[in-house]
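Undergrad: Below: one structure in C-alpha cells.
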Amino acid sequence: MNPLLRLGVAISERVTGRRMLPARLLSWYPKAAIGAGVLESLVSHHEPSTRLLKLVRVTASITANCAFCVDMNSFAHDRAGLTDEELAALSGDVTAVASFTAPERLAIEYARRISSTPLLFPAELMTQLRASFTERELVILATTAAQVNYWARVIQSLGIPPAGFTEACRVSLDQ
C-alpha cells in the first residue's frame with residue numbers, strides 16, 4: 001500500500017475505532033482513494049445542523065439499501081439529537097412522528113428522492129424546499145445525500161459488510 005494511503009487508512013481507523021474495509025479496498029486504486037478522501041474531508045458536518053445532516057445521511061443510506069452506510073450513519077444518532085423512534089421512522093412514514101419539523105420532513109423527502117431511481121423532483125417539493133432552506137443549505141443537503149449515494153454504490157459493489165458501528169442496528173432496510 002502506498003505510504004500516504006497507509007497513513008490515511010490508519011487515521012480513519014483510529015478515528016472510527018473500526019477496521020475500515022472501504023478505505024483499504026480503495027487503496028488498490030490510489031486515484032479513487034485520494035478522490036474519496038478529499039470528498040470526505042470537504043463535506044459539511046454541522047451546517048445547516050448536525051441533526052438535519054444526520055437525518056439526510058441515514059435516509060439516503062436506507063433508501064440506497066446500504067447496510068454498511070446505515071450502520072455507520074446511524075451511529076451516535078442520539079448525539080445528533082435523534083431519538084430511537086425518529087431513527088426507526090426514517091425507513092417508513094415520518095409523518096407518524098410528531099417531533100419532526102416541517103423542514104426536516106422536507107429534507108427527508110429530498111434525500112429519499114436524491115437516492116431513488118428515477119430521479120423525480122416535483123415542482124411543488126422544490127418550491128417548498130426553496131421556501132424552507134437557503135440555496136446554500138439546499139446545495140449542502142443535495143451533496144450530503146449524493147455523497148452517501150457514492151459510498152453506498154462503492155460499498156455495495158465491493159460486497160463490504162457493516163463494520164459494527166452500532167451494536168444492533170435500529171433501522172430496518174425493509175421498505
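Read the figures in this text as sums done on the coordinates, not as results from a lab. Note that the structure is predicted; figures quoted are calculated from it, not measured. Here the Cβ positions follow ideal geometry from the backbone for every residue, glycine too, while neighbour counts run over all protein chains shown.
Undergrad: Once phi is turned into θ = phi - 60°, what whole-Hz ³J(HN,Hα) does the Karplus curve with 6.51, -1.76 and 1.60 give for every residue of region 111-124, x standing for Gly and Pro?
TA: Here the 3J(HN,Hα) series is 4, 4, 6, 5, 9, 10, 10, x, 6, 10, 10, x, 4, 4 Hz.
Undergrad: Can I ask one more? Of the labelled options [x] 0.97; [y] 0.95; [z] 1.24, which one gives Rg/Rh (Cα atoms, Kirkwood Rh) as computed for this structure?
TA: [x]
Undergrad: Hey, what angle do you get for helix 135-157 against the long axis of the chain, alpha-carbon based, 0 to 90 degrees rounded to 10?
TA: 50
Undergrad: Quickly rank 103-109, 6-12 as a protection proxy: mean count of other C-beta atoms within 10 Å, highest first.
TA: Working: 103-109: 19.6, 6-12: 15.6.
The most tightly packed comes first, giving 103-109, 6-12.
Undergrad: Contact order normalised by length for the chain, with contacts defined as Cα pairs under 8 Å and 6 or more residues apart; what percent is it? The partial results should precede the final answer.
TA: Values: 191 pairs, mean separation 56.7, N = 175.
Normalised by residue count, the contact order of the chain is 32 percent.
Undergrad: Picking from Gln156, Gln147, Gln128, which is most flexible by a Gaussian network model of the chain using Cα springs under 10 Å?
TA: Result for the chain, Cα springs under 10 Å: Gln128 fluctuates most.
Undergrad: Given springs between every Cα pair under 10 Å in a Gaussian network model of the chain, which of Leu55, Leu82, Leu90 has the largest fluctuation?
TA: Looking only at Leu55, Leu82, Leu90, the biggest GNM fluctuation is shown by Leu82.
Undergrad: Separate question: What are the semi-axes of the equivalent ellipsoid of region 3-42, taken as the square roots of 5 times the eigenvalues of the Cα gyration tensor, listed largest first and rounded to whole Å? Kindly include the intermediate steps, with their values, before the conclusion.
TA: On the way: eigenvalues 43, 26, 15 Å².
Here the semi-axes work out to 15, 11, 9 Å.
Undergrad: What are the ³J(HN,Hα) values, in whole Hz, obtained from phi via the Karplus relation 6.51 cos²θ - 1.76 cosθ + 1.60 with θ = phi - 60°, for each residue of region 41-52 in sequence order, with x given for Gly and Pro?
TA: Working through the residues one at a time gives 6, 9, 6, 6, 10, 9, 10, x, 7, 4, 4, 5 Hz.
Undergrad: Say we join alpha carbon atoms closer than 10 Å with springs in a Gaussian network model of the chain; which of Arg113, Arg57, Arg153 then has the biggest fluctuation?
TA: Arg153
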